[in-house]
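S.K.: My questions all concern the structure below.
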2 protein chains.
Amino acid sequence: MATQRKGKQSIVPEISPVITSWASVAGKKEAQGPLGNRFDIKSDDSYFGQKSWEQAERCMQQLALKTLMKKADIKQEDLELVFSGDLLNQCIGSSFSLRNLNIPHLGLYGACSTMAESLLLAAMAVGGGYFDAVAAMTSSHFASSERQYRFPLGYGGQRTPTSQWTVTGAGAALVCSSGHGPRITACTVGTVTDLGIKDANNMGAAMAPAALSTIRQHFDDMGVGPEDFDLIVTGDLGQHGKDILLSLSQQEGLSLGGKLADCGCLVFDNLSQDVHSGGSGCGCSAITLCSDLLTRLNKGKLKKILFCGTGALLSPTSTQQNLPIPGVCHAVAITGV
Amino acid sequence: MATQRKGKQSIVPEISPVITSWASVAGKKEAQGPLGNRFDIKSDDSYFGQKSWEQAERCMQQLALKTLMKKADIKQEDLELVFSGDLLNQCIGSSFSLRNLNIPHLGLYGACSTMAESLLLAAMAVGGGYFDAVAAMTSSHFASSERQYRFPLGYGGQRTPTSQWTVTGAGAALVCSSGHGPRITACTVGTVTDLGIKDANNMGAAMAPAALSTIRQHFDDMGVGPEDFDLIVTGDLGQHGKDILLSLSQQEGLSLGGKLADCGCLVFDNLSQDVHSGGSGCGCSAITLCSDLLTRLNKGKLKKILFCGTGALLSPTSTQQNLPIPGVCHAVAITGV
């Protein structure tokens, strides 16, 4: 077996896996945002016809997977494996969405980095010759997240300026050993970074150092720099976290300036949609990637991007125990058609 | 890239990854059980010197990882990747244990199947030529689990006959591309199975159908049967779930009889230790594998086992919403030295 690793933390499959299809499901607020016309499925009903927001999230993942299989024109039995996870306690959005579908499933927890983590593992599984058609999927829901991590919605608490708006949406991508579409050329696994941020309403600050660490590592491992990408797009730092990342990178002599974008700032119009620092949640980077970004890569409008999923590894328990918020970031380099 | 898959759900790395070292950390009750003298680290303090049970779990994973590196005689910077997860909300046992250690980390959620899931992914990462030294790790804690999934311990609720006792412990295994030790020859990824069990105190019943499904699939994919293994060892079905699995398999004409064991029945003496149906939790299969089983495989006392991690994919929210408990099982075939 020839090595498929490069540097300390990066993998480079000998034959680059292809993202042949992608699908996105979005809620009402997301549909009203700048990417509104790019989503496959949009719903005005925050319950998606279900009895609870948690079941709505399960439903969104099922819709995303069904749409993905339809767009890819593959049958359920030809989907060999699904890597997925979400923010809900015990990841019930993911596991319940796959109940009795007879599709092999490996569950992940990477907080809001899950779209990148699942893509990375799908690329590893396909690039290793283990599977030929693997889905990477995740979701989040504003209402299920708020009541789990913060307050009951009915409480109507005031949101702080650095707070972000959890995206209601699910995204899924199909990673294949052959076919037509954008290709995953390299991935970098992140480390758990903790600079002591304790404010659960300032996750951008908690995740920015992890993003910088992984982006730097990707550049070091691969011998590349910002100039090699059309876009370096983080998952959900929000405007505040993006500003921190820019400032931190400048301090280290790394100029990300013109290339840096953040899905949290792409998916909403922060000002007119009153989302404060921007979007967040697993769904944020998932629906941005699995609509606009992959479509632009597929049309040759983007030549190469570094998709950097960012995750804040907190829990309500760790917050209540006054512990800091560790961050993680996984990066996936994707080249256009 | 040559195919490394066999059948529908199984992977067979061309060069079998080697489990060169393993480490186990156990609580007081576990140390008093039948495997008591096999654990590397034992503690009478359920807090492991920390301020909360959640932090105790974080501490157990750190102890397991430190012990693993010591036993394997490798430095922290030579540990290339850790796959880990746990039962705590948002997997804080795993993520907090790796804070600022600068070790690449991919977080998993497979409920109590996590030891098998992490081993499977470590085998995939090593067998694909991506990494040379990858750790698979997980933990659980009786007290953190009880208060999260069921009742505050002080409530002193009566336990039902089918209930199980969450193991306080952490296990870690080092999977390498070369070296001496038991080898991972094949792995089977499970599907999410749900037969409608809703009793959160009867997880054995919820997981037994998933175990049967994955064991049958492994046999089909690999063209093997019970006769090819010294032991087929499930993660934490407990006595009740093990009886159900035996009964279900007999109905399908599959005789697992003399070969079937369950970590939940190995780790405790069910009767004298008053654990009702047996042990459970991610730590149950983790400390059984990473002490007794791997040692016996390494000494040639076991020639080949099928290690079947079983997970009940419930959450307190899904239980309160009166939803059933989906189960999953991942299998790892390990051959002795």
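Taken together, the values in this text are just the output of simple stated rules run on the coordinates, not laboratory data. Note that the structure is a prediction, hence the values are computed from the model and not measured. Note that each Cβ is placed from the backbone with ideal geometry, even for glycine, and that neighbours are counted across all protein chains shown.
S.K.: In whole Å, what are the extents of segment B:42-91 along the principal axes defined by its C-alpha atoms, from largest to smallest?
M.R.: 31, 26, 13
S.K.: Where nothing but the Cβ of Lys and Arg (+1) and of Asp and Glu (-1) is charged, how large is the charge dipole of segment A:8-143 around its Cα centre, in debye to the nearest 20?
M.R.: Values: 12 positive and 14 negative charges, 65 e Å.
Value, rounded to 20: 320 debye.
S.K.: Moving on. Identify which of A:Gln158, A:Gln76, A:Gln321 has the largest mean-square fluctuation in a Gaussian network model of chain A, with springs joining Cα atoms closer than 10 Å.
M.R.: Looking only at A:Gln158, A:Gln76, A:Gln321, the largest GNM fluctuation is found for A:Gln158.
S.K.: Same structure again: Under a straight-distance cross-link criterion of Cα-Cα below 17 Å, which aspartates and glutamates are reachable from B:Lys75, leaving out those fewer than 8 residues away in the same chain?
M.R.: B:Lys75 reaches B:Asp132.
S.K.: Please find, in a Gaussian network model of chain A (springs between Cα atoms separated by less than 10 Å), the residue of A:Arg38, A:Arg296, A:Arg58 whose mean-square fluctuation is greatest.
M.R.: Among A:Arg38, A:Arg296, A:Arg58, the largest GNM mean-square fluctuation belongs to A:Arg296.
S.K.: Would you mind getting the Kirkwood hydrodynamic radius of chain A from its Cα pairs, rounded to one decimal in Å?
M.R.: Numbers: mean 1/r = 0.0518 Å⁻¹.
This gives a value of 19.3 Å.
S.K.: Further question on the same structure: Name the residue from B:Pro209, B:His105, B:Cys329 whose Cα lies farthest towards the positive end of the charge dipole of chain B, charges +1 on Cβ of Lys and Arg and -1 on Cβ of Asp and Glu.
M.R.: B:His105
S.K.: To continue, here is another question. For the pair B:Ile15/A:Thr319, report the inter-label distance in nm, with labels modelled 7 Å from Cα in the Cβ direction.
M.R.: Using points 7 Å along Cα→Cβ, the separation is 4.7 nm.
S.K.: Grab every C-alpha pair in the protein assembly as shown, bin the distances at 10 angstrom width from 0 up to the longest one, and report whole percents.
M.R.: Binned Cα distances yield the sequence 3, 18, 30, 28, 16, 5, 0.
S.K.: With 10 Å bins from zero, work out the P(r) of segment A:270-337 over every alpha carbon pair and list the percent per bin.
M.R.: With a bin width of 10 Å, the distribution comes to 18, 34, 32, 13, 4.
S.K.: Roughly how many whole Å is it from the C-alpha centroid of segment B:229-268 to that of segment A:271-312?
M.R.: So the separation of the two Cα centres works out to 46 Å.
S.K.: Could you list, bin by bin from short to long, the percent of Cα-Cα pairs of segment B:1-89 in 10 Å steps?
M.R.: Histogramming segment B:1-89 at 10 Å steps yields 14, 33, 30, 17, 6, 0 percent.
S.K.: Distance between the C-alpha centers of segment A:133-175 and segment B:102-129? Whole Å please.
M.R.: 26
S.K.: Once the label point is placed 7 Å from Cα along Cβ, list for A:Arg159 the distances to the corresponding points in the other copies, in nm, shortest first.
M.R.: 4.4
S.K.: For the protein assembly as shown, what is the mean residue ellipticity at 222 nm derived from helices alone (per DSSP H run of n ≥ 4: -39500 (n - 2.57); sum divided by total residues; nearest 500 deg cm²/dmol)? Walk me through the numbers before you get to the answer.
M.R.: Details: 22 runs with 214 residues, N = 674.
-9000 deg cm²/dmol, from helical runs alone.
S.K.: I've got another one for you. Neighbouring Cβ atoms within 10 Å as the yardstick, rank B:Ser94, A:Ser139 fewest first.
M.R.: Working: B:Ser94 32, A:Ser139 36.
So the residues, fewest neighbours to most, are B:Ser94, A:Ser139.
S.K.: Which entries in the list B:Lys6/B:Lys301; B:Lys8/B:Lys259; A:Lys242/A:Lys304; A:Lys8/A:Lys303; B:Lys259/B:Lys301 go over 18 Å, if you measure between the two C-alpha atoms of each? Can you show the working numbers first?
M.R.: Working: B:Lys6/B:Lys301 28 Å; B:Lys8/B:Lys259 24 Å; A:Lys242/A:Lys304 20 Å; A:Lys8/A:Lys303 26 Å; B:Lys259/B:Lys301 15 Å.
Pairs exceeding 18 Å: B:Lys6/B:Lys301; B:Lys8/B:Lys259; A:Lys242/A:Lys304; A:Lys8/A:Lys303.
S.K.: In chain B, what residue has the beta-carbon at the shortest distance from the axis of the rotation relating B to A, and what is that distance in angstrom, rounded to the whole number?
M.R.: Residue plus distance in Å, as requested: B:Gly128, 1.
S.K.: While we're here: Determine the dipole magnitude for the protein assembly as shown: charges of +1 sit on the beta-carbon of Lys and Arg, -1 on that of Asp and Glu, nothing else is charged, the reference point is the Cα centre, and the result goes in debye to the nearest 20. Intermediate results must be reported in sequence, preceding the final value.
M.R.: Details: 54 positive and 58 negative charges, 8 e Å.
Roughly 40 debye, rounded to the nearest 20.
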